[in-house]
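Trainee: Here's a structure for you.
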Amino acid sequence: MSKSVNVVLVIDDEPKIRRFLRAGYELHGFEVHEAENATEGLKVATFNAPDLIVLDLDLPDLHGGEVLERIRSWSNVPIIILSVESSEEQKVRLLTLGADDYVVKPFGMAELLARSEAALRRYFKSATESSVVVAGPLSVDLVTRSVSLNSHQVRLTRKEYRLMHILATHVGLVVTHDQLLKEIWTGNQRDNIQYLRILVRKLRQKIEADPNDPRLLITESGVGYRLQARPET
Amino acid sequence: MFGQLANVGTAAAGNKKQVGSRFDEEPPARRSLTALVPALLKSLACVCIATALLLALDRVLPSNLFTIVYLIPVVIAATRWGTWPAVAAALAGTAAVDFFFLPPVYTFNIDDPQDAIHLLLFLFVAIVSSNLASRLRNEKEALRQRETELQYLYEFSRRLAACFTIPDLIAAIQNYLTQTLGQQAVFFVAKADEQFETPNVGAVPGEVEERVASMIANIDLPAYTIFDQSTNSIWLLRAVHSEATVYGVIAVNIGAGSAAAIQTRTGRVEAILEEASLTLQRLDIGKAMDEAKLQLQAQLLKDALHGMLSHELRSPLAAIQGSASVLGTAPAIREDERLRSLTEAITDEVQKLDGFIQNLVNAARVTANNVEPRREWADPKDIVNAAVKLRLRRLAEHRVRISFDHDVPLINVDSALIEESLGQLLDNAAKYSPSGSVISVVARAESGQVVLSVSDQGVGITRDEQNQLGRRSFRSQRHLGTIPGSGLGFWIASTFVRANDGAIEISSRGEGLGTTASITLPASSEVSNLTLANE
């Protein structure tokens, strides 16, 4: 991350949730601003220019989706959505509207921190930084287009590399099926998720220690895929 | 229970065929002339065409085929337009044979007595075959009509099953009556206090409504006919009731017209009304109404659960789990095994509670018939992995073995629902088998289907229990006091699987010999052909 202290804005109407989010973020070196409703949240987002926004969907004055759209109309600041039981459809919609990721309540702080760091890394990635994305034993060089696993070169087909590339540029974050299909295929095939499922199987054969128990290329059921930044072992 | 009406009904069913033939196969003599004349003209035209062809043929190749050829217009007329046009064709054919082909030609005289016998024989055969053919035609029409009625009936019962609220139910009944009768039909539903719900379909004369009110109040008035002077139309009223209760009154507008037309229509409507009221009883209208009410309540409950349970309960849970997770990262706690296990226990219990809430929300969803799968092609391996991963800690005391067939085909399902169902089976396996035992989860392809199965080495299941599985809240007497549970899990799982066109099967070699639960889902047939070019 390029800045020494990252500022996170938490927009949530539940004081107890704001309290543990503040503690969790501060313990990890973040500076925290809080807002208890959408109006206040939009104000702080405009004037204090946070590096990251954590946005609850159920706000008393305005739906979180609306807040997301408004912020997106003038800023690319990373936004992570908090929600209570949302459908896959809703998650996809929020991601399409420009959310960087989502976390479903109840959740652990570690999960949210991992998503936050991934979103910040993607946002603040500068040209001077290395073009190599590392995820556990896997490293993807975005410039030379080479992929290696435990320092052994992995040979990928063009489409497999395309998939690897998109996931690597979003490392740690979820990428929707739609986005993957549109960036990898053309024509009729763009609507056929079966192609994507099969391609993922093929890629897993090459990069996972056990393709039947994937730890790197994670399925987000009904939403998309995620390249785990720090895979569990 | 339906004694009184059942009697009427049996009588109606008994002479139904008669009624049908009275109205469906009316003798053509009574049919209006406007319908008969074109048919007669058409059959005569057929005879003319046959004559022209025979005359042309006679010039090239003289033959004796005429009597056989003249049978063709007769059969055509009989199968298409009925008996009288066919008889006309037979007579015209006879005349044509005599006039054009039997010497002396171009007169109606016959020289040879053998020709005369020949001709009479032809007339006889023609009339018999016209009769046979037209009877065939009538039977075909009766069958077709029966089929249409059955189709309406099927559609009707299907719609009733899908009815959610009483207005839905009434709309379905009215729709059915209007379609089957082809007349304006209204169904007045009786309410508890001898009142009735005013249906909102078109205008109904005040007199009809008054009569409906008295029919609903008094069970001894099963049928009534009203002539409404303002619209100059006749209304038929019939009560639908069991021995004790009037469920409602069906009113049909017969319209206006000549006395004969009215009589015909009345007969037809009455026949169908008997059938309809019988149908309504067979479908157990009272029960259907109760179910509709129950469903409405379930829907309300579901909405309440959805909003209240999932939000009001989950928010505190989120605060508890979040706070515990932050505490867990503090060095003082992280480094002390005892303290760390406490924060982990908080997380585990929160997850468990969250699972219960999810179960209640799911149960409400199933009760309200609100399971609409959002299908998408999915990898069965992903579904299995997700279901197991979500329950990793609950399954920690068991040895979970996962195995997949090589190249399990993709399935077109709502993965969230299947994942939830598989999770329920995993929960059950863990609950009903000793810790340390093996739970094996398998995904395999089997004759065009994908089977996801969970096998344990637990208490097994008896034949009696097997029969009761799938009922909401069923729990075996054997485990009531020892193993906690709501009995909702399997019921939810089987509903979710059914919504995805799949089935759940439970098998066990007997008490104490373990249980295998399998979800069978239709697999993609095209996926094996779906090859990716190695670009």
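Trainee: Compute the longest continuous run of chain A that contains no exposed trypsin sites (Lys or Arg not before Pro); treat a site as exposed when its DSSP state is not H, G, I, E or B and it has at most 10 other Cβ atoms within 10 Å.
Mentor: A:4-154
Trainee: What shape does region B:38-144 have by the C-alpha gyration tensor, where a ≥ b ≥ c are the square roots of the eigenvalues, rounded means a/c under 1.5, and otherwise prolate means a/b greater than b/c and oblate the rest?
Mentor: In terms of gyration-tensor shape, prolate.
Trainee: If I take every Cα pair under 8 Å that is 6 or more residues apart in chain A, average their sequence separation and divide by the length, what percent do I get for the relative contact order?
Mentor: Averaging sequence separation for qualifying contacts and normalising by length gives 15 percent for chain A.
Trainee: For B:F108, A:F30, what's the fewest-to-most ordering of other Cβ within 10 Å of each Cβ?
Mentor: B:F108, A:F30
Trainee: Here are some pairs, A:K105/B:K389; A:K159/B:K389; A:K43/A:K182; A:K182/A:K202; which of them have Cα atoms lying more than 26 Å apart in this structure?
Mentor: A:K159/B:K389; A:K43/A:K182
Any read-out appearing in this document is the output of simple, stated calculations on the displayed coordinates, not a laboratory observation. Quick caveat, the model's predicted, so the values are computed rather than measured. Please note: Cβ atoms are built from the backbone with ideal geometry, for glycine as well, and neighbour counts cover all protein chains shown.
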